[in-house]
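Attaching a single structure in structure tokens format; questions to follow.
The values are calculated or read from the model by the stated rules, or taken from the named source; none is laboratory data. These figures come from a predicted structure and were not determined experimentally. Cβ sites come from the backbone with ideal geometry, for glycine too, and all protein chains shown count toward neighbours.
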Amino acid sequence: MSGLLKSLLAEARASGDWQRLVEAVPYARHLGVEAELVEGELLLRLPFKEPLVGNPSLQALHGGVLGGFLETAAILTLLWRLDSPVIPKTITNTVDYLRSARGLDLQASGEVTRLGRRVASVAVACWSKERQKPLASARLHFLVGGAKAP
Amino acid sequence: MSGSPLPPQSGSGPEAFHAVMRAVFGGVVPYVQLLGITVEDYEDRTLLMRLPYDGSLVGDPDSGVLHGGAVTTLIDSACGLGVIAALEKPRPVATLDLRIDYLKPAEAGRDLFCRSDCYRIAQQVAFARATAFHLGEEETPVAAALGSFMLADLPSSENGA
């Protein structure tokens with residue numbers, strides 16, 4: 001259980017500023033993820049960077065970048081929606097790649113579709129300009145019980 | 001690149017793999033290079049890749065455990081590039097879907113390996129499975145995955161449908 005993340009999480013919940021928590025996670029910083037509450041919704045952004053490309057002839061982002069961005073968005077959505085100080089542990093992540101993300105800045109947002117005592121499920125999608133045309137979506141299940149679960 | 005002769009698919013070893021990647025991408029994949037992912041072994045539709053542990057890929061700064069996104073990247077690379085190398089006429093592919101089961105946490109400070117197996121190549125789609133593990137612990141993997149991949153049209157084909 002993480003002391004640093006725990007205190008930043010409490011701060012983010014109190015202040016509505018989620019960027020500091022994001023910047024405390026090395027991987028989120030590596031991708032360049034930005035987080036902001038917009039009109040009552042937690043919105044994540046991923047500005048395009050050339051080194052994140054997986055197919056150089058299309059300038060398309062690597063599938064792992066999309067998957068990692070969606071997983072980051074799902075975890076943050078869960079932390080934002082829950083009261084618990086427990087950092088969720090990913091059980092499964094199923095990503096659908098719908099359109100190639102060519103040289104584009106991305107946005108993502110998620111929805112908690114099920115919240116049980118031990119498991120939470122999140123659906124998350126990312127898009128560039130039109131939210132109605134997602135580039136990728138994912139469904140994830142998380143362990144949210146005590147540190148010793150299951 | 002479109003007209004250059006491709007190495008025989010029966011080739012094995014990292015060199016044969018790299019020759020295929022040069023033919024398909026004209027070099028390296030930027031994000032694979034950024035993470036320092038390397039090819040350890042390649043033979044008969046099976047690809048073994050290594051992701052060096054790096055602090056910048058950590059998900060929990062207190063435990064030092066890699067973020068799931070780093071594991072996803074290693075697995076997607078091994079499956080996608082493994083499919084490309086397994087094709088009779090190698091060409092780019094696009095991941096259609098990828099499901100990853102996290103079986104146990106990766107250990108802080110240790111490199112992660114991934115062995116992918118392209119077990120079915122159809123006309124337009126190929127299927128791959130993979131496990132990610134620490135060296136010497138392939139029987140108790142960190143993650144298991146299944147993916148499907150769309151095959152791009154060959155440069156010589158008439159249209160992109």
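Given the residues A:L61, A:L70, A:L52, A:L21, which is the only one that is buried (at least 19 other Cβ atoms within 10 Å of the Cβ), within 19 Å of A:R139 (Cα to Cα) and either touching a Phe, Trp or Tyr at 6+ places or on another chain (Cβ under 8 Å) or among the aliphatic types (A, V, I, L, M) (or both)?
Sole residue among the options that is buried (at least 19 other Cβ atoms within 10 Å of the Cβ), within 19 Å of A:R139 (Cα to Cα) and either touching a Phe, Trp or Tyr at 6+ places or on another chain (Cβ under 8 Å) or among the aliphatic types (A, V, I, L, M) (or both): A:L70.
Do we find a residue being more than 23 Å from B:D153 (Cβ to Cβ), surrounded by fewer than 21 Cβ atoms within 10 Å (Cβ to Cβ) and not hydroxyl-bearing (S, T, Y) anywhere in segment B:77-96?
No, there is no match, as no residue in segment B:77-96 is more than 23 Å from B:D153 (Cβ to Cβ), surrounded by fewer than 21 Cβ atoms within 10 Å (Cβ to Cβ) and not hydroxyl-bearing (S, T, Y).
Name the residues in segment B:44-68 that are without any contact (Cβ under 8 Å) to a residue 40 or more places away in the chain and within 13 Å of the chain's Cα centre (by Cα), would you?
none
Additional query: Being modelled with pLDDT of 95 or more and in contact with a helix residue (DSSP H, G or I) (Cβ under 7 Å, 6 or more places away or on another chain) narrows it down to one of B:L96, B:L48, B:L35, B:L103, so name that one.
Sole residue among the options that is modelled with pLDDT of 95 or more and in contact with a helix residue (DSSP H, G or I) (Cβ under 7 Å, 6 or more places away or on another chain): B:L35.
Shifting gears a bit: Among residues belonging to segment A:102-119 that are touching a Phe, Trp or Tyr at 6+ places or on another chain (Cβ under 8 Å) and of a type outside the set (D, E), point out the one that is surrounded by the most Cβ atoms within 10 Å (Cβ to Cβ).
A:A108
I'd like to check which helices (runs of 4 or more DSSP H) are fully inside segment B:1-100 and have at least 1 residues that are away from every other protein chain (no Cβ under 14 Å) and of a type in the set (D, E, K, R).
B:13-25
Looking at segment B:109-128, which of its residues are over 14 Å from the mean Cα position of the chain (by Cα), farther than 17 Å from B:L35 by Cβ and within 14 Å of chain A (Cβ to nearest Cβ)?
Selection gives B:V125 alone.
Also, I was wondering about something else. Just checking, which of A:V122, A:V86, A:V144 is out of contact with any strand residue (DSSP E or B) (no Cβ under 6 Å at 6 or more places or on another chain), surrounded by 18 or more Cβ atoms within 10 Å (Cβ to Cβ) and under 21 Å from A:W18 (Cα atoms)?
A:V86 is the lone residue from the list that is out of contact with any strand residue (DSSP E or B) (no Cβ under 6 Å at 6 or more places or on another chain), surrounded by 18 or more Cβ atoms within 10 Å (Cβ to Cβ) and under 21 Å from A:W18 (Cα atoms).
So which residues in segment B:32-43 are touching a residue at least 12 places away in the same chain (Cβ under 8 Å) and more than 12 Å from the chain's Cα centre (by Cα)?
B:L35, B:G36, B:E43
When the residues of segment B:108-124 are filtered to those that are of a type in the set (A, V, I, L, M) and either assigned to a loop (DSSP other than H, G, I, E, B) or out of contact with any helix residue (DSSP H, G or I) (no Cβ under 8 Å at 6 or more places or on another chain) (or both), which remaining residue is nearest to B:G68 (Cα to Cα)?
So, considering only residues that are of a type in the set (A, V, I, L, M) and either assigned to a loop (DSSP other than H, G, I, E, B) or out of contact with any helix residue (DSSP H, G or I) (no Cβ under 8 Å at 6 or more places or on another chain) (or both), the one nearest to B:G68 (Cα to Cα) is B:A108.
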